[in-house]
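Peer 1: To start, I am sharing the structure in question, which I have written as structure tokens.
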Amino acid sequence: MRTIYLDHQATTPMDPAVMEVMQTACTQYFANPASPHAAGVRAFREVERARSAVARFVGGARSEIYFTSGATEANNIAIKGMADRCPGGHIVTAATEHKSVLDTCAYLREKGWSVTVLPVDAQGRVTADQVAGHLRDDTVLVSVMLANNEIGTIQPIAEIGRVTRQAGVALHCDATQGVGSLAVDVTELGVDLLTFSGHKIYGPKGVGALYISNRLTDTAPLAPLMHGGGQERGLRAGTLNTAAILGLGTAVTLVEEVREQEARRLEKLRHAFLTELTAASGTPFRLNSGTGPDFLPHTLNLSLEGVDAQDLLPRLAGLAISTGSACNSSAQEPSHVLRAIGLPPEQIKGSIRLSFGRFTQESDAIDAARYLAGAALPEGARE
């Protein structure tokens, strides 16, 4: 059966160009990049080329890029590493952050740190004034994501960055969902730490990047989570995953080449889907996410009236979508993001998340809308 994949916020299919680079890496650059022999040096040089590509991608220096297993690990390193500088200090974050940020902050709270979780407005946004109003003398870190993984809200990071810079407080930004559609420059954003994963931008799973400004590390290095061989300048021990790192380097290069035109194309696909769903659906629906310039162009979160999304999914075998954050789907808990923006329980119960991607065609969007509309009809009304 043909499957229409509309869950690109959970993960993306690997681009064939990325796969080709990784296959070459597995046969030609398999040596340990830390080894001093010629094969190791060749692998090391390829890794550093990928590091340079990631640095260009975020507007940083090569010495500011650290490779990790993904954004979850990178978020843990960034937040725990900064917290270690100020035992019992204060951290500010937002209610709609990814669980890898919120759960890390909750862990630190249990260990004696003070944590402020800022509420968001009905669109899922915090303001720079909110952040400014909660900074304290012992605030060591502010952590706010670039764009939300469930409703696509883009946060005013540059405005928040101006506040944190003026206060002398470090700013961490989980940019995982945003880097595929939004141009990112760490200087313009005013961030000190930035994280993202390869598998959200048509790269491989199991690899991510952590940007840490030299300004920050010149003051004091972050404490590592793991100890061992001293890789990644002592921050992240373990033999480097050369093939995945090279795949990430290729993935960010491809994103840069097509980002603006792809964002416009994805926005049109979303519009085509909504137009067809409105025409075909006998079940009213409400948008939980916005479709304007302050939201990601490929994201859509909606609720079907009177429909339990968990009951709906089994009827959509040919459509890959999500009922919330796939990173937390096994818990079967109501979305913390939708709760944070104030949606009532019934609307959350009927919510589904769709996200269009690089290989989605207009016919896919239209067929998906018709398929969803048909599956959402009451049992007696289905053909």
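The values are calculated or read from the model by the stated rules, or taken from the named source; none is laboratory data. Values in this document were obtained by computation on a predicted structure and should not be read as measured data. Note: ideal-geometry Cβ built from the backbone for every residue, glycine included; neighbour counts use all protein chains shown. Accessible surface is based on the protein model in full, side chains and every heavy atom, while ligands, DNA and RNA are left aside. Shrake-Rupley method; radii C 1.70, N 1.55, O 1.52, S 1.80 Å.
Peer 1: Looking at the range 280-308, which of the residues that are touching a residue at least 24 places away in the same chain (Cβ under 8 Å) and of a type in the set (Gly, Ala, Ser) is most open to solvent (accessible area, probe 1.4 Å)?
Peer 2: Once the filter is applied, the top-ranked residue is Gly306.
Peer 1: How many residues are surrounded by fewer than 21 Cβ atoms within 10 Å (Cβ to Cβ), under 18 Å from the mean Cα position of the chain (by Cα) and at pLDDT 90 or above if we restrict to the range 323-344?
Peer 2: Here the count works out to 1.
Peer 1: While we're here: Restricting to the range 107-124, count the residues that are touching a residue at least 24 places away in the same chain (Cβ under 8 Å), surrounded by fewer than 20 Cβ atoms within 10 Å (Cβ to Cβ) and assigned to a loop (DSSP other than H, G, I, E, B).
Peer 2: 5
Peer 1: Okay, next question. Report, by residue number, each residue of the range 358-383 that is open to solvent by less than 60 Å² (accessible area, probe 1.4 Å), in a loop (DSSP other than H, G, I, E, B), out of contact with any Phe, Trp or Tyr (no Cβ under 7 Å at 6 or more places or on another chain) and at pLDDT 95 or above.
Peer 2: Hit for the range 358-383 is Thr360, nothing else.
Peer 1: I would also like to ask the following. Could you tell me whether the range 114-121 includes any residue that is farther than 22 Å from Leu338 by Cα and within 22 Å of the chain's Cα centre (by Cα)? Full working, then the answer.
Peer 2: Of the range 114-121, the ones farther than 22 Å from Leu338 by Cα are 114.
Those still in the list that are within 22 Å of the chain's Cα centre (by Cα) too: none.
Looking through the range 114-121, none of the residues is farther than 22 Å from Leu338 by Cα and within 22 Å of the chain's Cα centre (by Cα).
Peer 1: Within the range 232-241, track down each residue that is out of contact with any Phe, Trp or Tyr (no Cβ under 8 Å at 6 or more places or on another chain) and surrounded by 19 or more Cβ atoms within 10 Å (Cβ to Cβ).
Peer 2: Scanning the range 232-241 gives no hits.
Peer 1: Could you pull out the residue among Thr96, Thr104, Thr72 that is in a loop (DSSP other than H, G, I, E, B) and either more than 20 Å from Val142 (Cβ to Cβ) or within 20 Å of the chain's Cα centre (by Cα) (or both)?
Peer 2: Selected residue: Thr96, the only one of Thr96, Thr104, Thr72 that is in a loop (DSSP other than H, G, I, E, B) and either more than 20 Å from Val142 (Cβ to Cβ) or within 20 Å of the chain's Cα centre (by Cα) (or both).
Peer 1: Continuing with this model, one more query. Is the range 35-52 home to any residue that is outside any helix (DSSP H, G or I), touching a Ser or Thr at 6+ places or on another chain (Cβ under 9 Å), of a type outside the set (Asp, Glu) and buried (at least 21 other Cβ atoms within 10 Å of the Cβ)?
Peer 2: The answer is no; no qualifying residue exists.
Peer 1: While we're here: List every residue pair whose Cβ atoms lie under 6 Å apart, where the two residues are 6 or more positions apart in sequence or sit on different chains, the first residue falls within the range 3-27 and is in contact (Cβ under 8 Å) with a residue 40 or more places away in the chain and over 12 Å from Ala251 (Cβ atoms), and the second residue, located anywhere, is open to solvent by less than 60 Å² (accessible area, probe 1.4 Å) and assigned to a helix (DSSP H, G or I).
Peer 2: Short answer, once both residue conditions are applied: Ile4/Asp364; Ile4/Ala368; Leu6/Ala368; Ala10/Ala326; Ala25/Thr242; Ala25/Ala243; Ala25/Leu246; Cys26/Ala243.
Peer 1: Which residues, counting only those in the range 187-202, are in a loop (DSSP other than H, G, I, E, B) and either polar (S, T, N, Q) or touching a strand residue (DSSP E or B) at 6+ places or on another chain (Cβ under 8 Å) (or both)? Step through it out loud before you land on a result.
Peer 2: Filtering the range 187-202 down to residues in a loop (DSSP other than H, G, I, E, B) leaves 190-192, 198-202.
Listed by number, the residues that qualify are Gly190, Val191, Asp192, Gly198.
Peer 1: Could you grab the pairs with beta carbons closer than 7 Å, sequence gap of 6+ or different chains, first residue in the range 239-252 and under 15 Å from Lys200 (Cβ atoms) and in contact (Cβ under 8 Å) with a residue 40 or more places away in the chain, second one open to solvent by less than 20 Å² (accessible area, probe 1.4 Å) and assigned to a helix (DSSP H, G or I)?
Peer 2: Gly247/Val18; Leu248/Ala50; Leu248/Val54; Thr250/Val18; Ala251/Val18; Val252/Ala53; Val252/Val54; Val252/Phe57
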